[in-house]
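**Q** Can you read through this structure? Questions will come right after.
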């Protein structure tokens, strides 16, 4: 990695330039998850700057969720960790139920439509495996794991959409789902099995619609599912 390629901007400090360039390289994948940065002495020599400049840039990157610093060095975080630290996640967490659910419907209905157009046979099989696993987990009484499988199901569909922005938004949304009301929804299944069976049937309907290749049908199935599972949370 040639650190001498840091872009020049007369209106910014060197630490700001470093932050902008490093964050750009992380988001582009040029600096992959787990990448270990040069130690401060090496970077100072290459860039001809003081250690305080490097430390300021690293600190800003850490606070923004891009990197983790430890005695072993400075490492690039996983994409999931980076997304979970972004301001947009805070917007989702602080949103009221109506705004959250309306936005969720917009994203997930379109996600299902695109998945119907682009999903492979392997994708469909993976979705079927997820809902079968959720049934086994429910039967075994592992409600928290059922909730995790539900998030996996929705993320998988967003990935099948083939749209990276939809997937990124879905990752953040599912992280924001872990509120008390959502936990209460899943734990209510222990007392009311019909809640799970309804959700399971709706998941099956979504998978069947995606497998049919009918985008309109897939979108309608997802909209019906979201309407059913979000109504008790509002």
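**Q** Step by step: first the residues of the range 57-66, then only those that are surrounded by 14 or more Cβ atoms within 10 Å (Cβ to Cβ) and without any contact (Cβ under 8 Å) to a residue 40 or more places away in the chain, then the one that is farthest from residue 14 (Cα to Cα). Which residue is that?
**A** Result: 65.
**Q** A further question follows. Does residue 16 qualify as being closer than 24 Å to residue 87 by Cβ, at pLDDT below 85 and within 23 Å of the chain's Cα centre (by Cα)?
**A** For residue 16, the condition - closer than 24 Å to residue 87 by Cβ, at pLDDT below 85 and within 23 Å of the chain's Cα centre (by Cα) - is not met.
**Q** Further question: Surrounded by fewer than 16 Cβ atoms within 10 Å (Cβ to Cβ) and either assigned to a helix (DSSP H, G or I) or modelled with pLDDT of 95 or more (or both), is that true of residue 169?
**A** Answer is no for this residue.
**Q** Here are some residues: 204, 216. Which one is over 19 Å from residue 126 (Cα atoms), assigned to a helix (DSSP H, G or I) and at pLDDT 95 or above?
**A** Result: 216 is the single residue among 204, 216 that is over 19 Å from residue 126 (Cα atoms), assigned to a helix (DSSP H, G or I) and at pLDDT 95 or above.
**Q** Regarding residue 162, is this residue over 26 Å from residue 210 (Cα atoms) and outside any helix (DSSP H, G or I)?
**A** Spelling it out, it is not the case that residue 162 is over 26 Å from residue 210 (Cα atoms) and outside any helix (DSSP H, G or I).
**Q** Then there is this: Looking only at the range 30-75, which residues are in a loop (DSSP other than H, G, I, E, B), modelled with pLDDT of 85 or more and under 30 Å from residue 165 (Cβ atoms)?
**A** Matches in the range 30-75: 30, 31, 32, 33, 34, 35, 37, 65, 66.
**Q** Hey, another quick one. Quick check on residue 143: is it more than 21 Å from residue 185 (Cβ to Cβ) and more than 20 Å from the chain's Cα centre (by Cα)?
**A** No, not satisfied.
Residues are listed down the side, and each one gets a yes or a no for (1) at pLDDT 95 or above; (2) surrounded by fewer than 17 Cβ atoms within 10 Å (Cβ to Cβ); (3) not assigned by TED's automatic domain parsing to the domain that holds residue 22:
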{"residue": "95", "(1), (2), (3)": "no, yes, yes"}
{"residue": "98", "(1), (2), (3)": "no, yes, yes"}
{"residue": "104", "(1), (2), (3)": "no, no, yes"}
{"residue": "120", "(1), (2), (3)": "yes, yes, yes"}
{"residue": "138", "(1), (2), (3)": "no, no, yes"}
{"residue": "151", "(1), (2), (3)": "no, no, yes"}
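The values are calculated or read from the model by the stated rules, or taken from the named source; none is laboratory data. Here the structure is a predicted model, which means the values were calculated and not measured. Here the Cβ is made from the backbone with ideal geometry for all residues, glycine too, and neighbour counts use every protein chain on show.
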